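S.K.: Shown below is the structure under consideration.
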Amino acid sequence: MGFQEFVNIGGWEVFVTLFNTLITFLIVKILLFKPVRKVLAARAEEVKAMYDEAEADRNEAEAMKKDYTESIANAKQKANEITQSATRRATVRSEEILAEANRQVQDMKKRAEQSIEQERKKAINEIKDEIASLSVMIASKVVEKDIKEDDHKRMIEDFIDKVG
Amino acid sequence: MVEVNGPKVYTYLFGNKALPITETMVNYWIVMVFILLLCLFLTSKMEKIPKAKQAVAEKIVMIVDGLVDQNMGKNCRQYSPFIVTLMFSSVFGSLASMFTLRSVTGDLNTTLGWALIVSGMIIYNKIKTNGFVGFLKGFTEPIWIMTPLNILSEVSTPVSMSFRHFGNIAGGLVISTLMLSALSALSSALNLPIPLFQLGIPGVTGLYFDLFSACIQAFIFSMLTMAYVGSAKE
């Protein structure tokens with residue numbers, strides 16, 4: 001068993017080196033890089049999928065938020081409309097009631113005035129009668145003259161009419 | 001008497017004197033088996049959420065991909081496995097000396113083989129980018145008189161790469177061997193009962209000549225490969 005020179009170059013030895021390097025290259029490529037690249041790619045794929053999913057979720061949430069905002073705005077508007085129409089109706093109704101009340105009051109006032117007038121006329125008439133009979137009685141007592149009551153009454157009524 | 005020898009010749013293939021099976025080859029095969037087992041270990045039971053060893057495998061791939069992107073430009077990741085091959089072979093081939101094996105990279109044939117592959121890649125990429133005529137024309141730039149120098153620089157690339165790597169590791173080997181025998185001589189000269197000097201000092205120097213040198217040379221070789229091939233693509 002001999003030794004080679006410390007520094008020597010041989011075609012065969014270089015060839016064996018090339019061959020060994022090729023085998024090592026294949027080992028590294030197939031047993032190290034291929035599986036690691038596969039795992040890295042799978043992980044990148046998964047991360048991308050997660051990002052995509054998150055993005056989709058976000059878009060959905062945004063759409064829902066928009067929907068909600070819109071419907072809330074709609075509801076507010078509707079509530080406003082309802083309030084306004086109710087207010088309007090209430091105003092109209094209260095005006096109607098007021099008008100009705102006014103009318104009734106006017107009627108009642110008119111009727112009361114009428115009845116007062118009637119009562120007054122009645123009273124005046126009664127007083128007239130009373131005065132007439134009183135006058136006749138006084139006159140008959142004073143004059144002691146036989147005067148027919150009806151003539152006296154007529155004369156006194158004439159008098160009263162003239163007086164007012 | 002100290003001897004620093006080349007790799008041992010174990011036997012000859014088919015008994016042919018031109019086809020020796022050397023220590024370097026055998027050690028390379030041992031290193032290859034180690035790399036094979038390492039790859040199998042690192043990538044066994046891969047999961048979506050990485051455990052420690054899978055994280056190491058992913059980190060190796062990502063670091064080398066990052067280096068390749070940085071030094072060679074985008075879309076060069078098909079070179080990453082070759083860079084890792086060089087790094088693994090070089091580091092483990094050099095560190096074999098820590099396990100009493102002769103360094104695989106302490107043999108010029110190994111580093112020259114790698115450097116020739118790199119040289120082939122450089123030429124292939126130059127032809128692919130500029131066309132064959134463009135590649136030939138590249139030698140006459142900036143002026144035709146530079147042609148011999150350009151050819152020389154093309155040839156010197158693999159030579160310098162291979163000699164740098166081989167020289168560093170083989171130099172370390174020579175220094176370690178010489179120092180060990182010197183320390184042994186010192187111990188026996190002082191009539192020490194145990195070879196005290198050989199005990200700790202070679203370990204400290206081995207830290208540089210075996211560990212540091214092995215790592216830095218593997219890194220330099222890989223970085224140069226990326227830089228040369230990357231610039232050949234432009």
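The values are calculated or read from the model by the stated rules, or taken from the named source; none is laboratory data. Just so you know, these numbers come straight off a predicted model, no measurement behind them. FYI the Cβ positions are ideal-geometry reconstructions off the backbone, even for glycines, and counts take in every protein chain you see.
S.K.: Report whether or not B:S80 is away from every other protein chain (no Cβ under 12 Å) and within 20 Å of the chain's Cα centre (by Cα).
M.R.: It is false that B:S80 is away from every other protein chain (no Cβ under 12 Å) and within 20 Å of the chain's Cα centre (by Cα).
S.K.: From the list B:S153, B:S176, B:S187, B:S213, which residue is part of a helix (DSSP H, G or I), of a type outside the set (K, R) and surrounded by fewer than 16 Cβ atoms within 10 Å (Cβ to Cβ)?
M.R.: Only one candidate qualifies: B:S153.
S.K.: As an exercise: evaluate B:K51 against (1) more than 19 Å from A:I27 (Cβ to Cβ); (2) within 8 Å of chain A (Cβ to nearest Cβ) and give the number of the one condition it does not meet.
M.R.: B:K51 satisfies all of (1) more than 19 Å from A:I27 (Cβ to Cβ); (2) within 8 Å of chain A (Cβ to nearest Cβ) except (2).
S.K.: Still on this structure: How many of the residues in region B:103-118 are more than 9 Å from every other protein chain (Cβ to nearest Cβ) and either over 10 Å from the mean Cα position of the chain (by Cα) or in a loop (DSSP other than H, G, I, E, B) (or both)?
M.R.: The total comes to 2.
S.K.: Out of B:M121, B:M98, B:M87, B:M161, I need the residue that is under 30 Å from A:E13 (Cβ atoms) and in contact with an Asp or Glu (Cβ under 6 Å, 6 or more places away or on another chain). Which one?
M.R.: B:M98
S.K.: Out of curiosity, is B:G131 at pLDDT 90 or above and either in a helix (DSSP H, G or I) or touching a helix residue (DSSP H, G or I) at 6+ places or on another chain (Cβ under 7 Å) (or both)?
M.R.: no
S.K.: Then there's this: If I filter region A:50-64 for residues that are within 14 Å of chain B (Cβ to nearest Cβ) and out of contact with any Cys (no Cβ under 8 Å at 6 or more places or on another chain), do I get at least one hit?
M.R.: Checking region A:50-64: at least one residue is within 14 Å of chain B (Cβ to nearest Cβ) and out of contact with any Cys (no Cβ under 8 Å at 6 or more places or on another chain).
S.K.: Residues in region A:10-21 that are surrounded by 13 or more Cβ atoms within 10 Å (Cβ to Cβ) and either hydrophobic (A, V, I, L, M, F, W, C) or more than 7 Å from chain B (Cβ to nearest Cβ) (or both): how many?
M.R.: Residues in region A:10-21 being surrounded by 13 or more Cβ atoms within 10 Å (Cβ to Cβ) and either hydrophobic (A, V, I, L, M, F, W, C) or more than 7 Å from chain B (Cβ to nearest Cβ) (or both): 6 in total.
S.K.: Return yes when A:L32 is without any contact (Cβ under 8 Å) to a residue 12 or more places away in the chain, within 14 Å of chain B (Cβ to nearest Cβ) and closer than 30 Å to B:N168 by Cβ and no when it is not.
M.R.: Yes, satisfied.
S.K.: With respect to B:F163, is the statement that it is part of a helix (DSSP H, G or I), aromatic (F, W, Y) and over 26 Å from B:M87 (Cα atoms) true?
M.R.: It is false that B:F163 is part of a helix (DSSP H, G or I), aromatic (F, W, Y) and over 26 Å from B:M87 (Cα atoms).
S.K.: Moving on. Of the residues A:R43, A:R111, A:R58, which is closer than 30 Å to B:F34 by Cβ, more than 22 Å from the chain's Cα centre (by Cα) and free of Cβ contacts under 8 Å to residues at least 12 places away in the same chain?
M.R.: One residue alone meets the criteria, A:R43.
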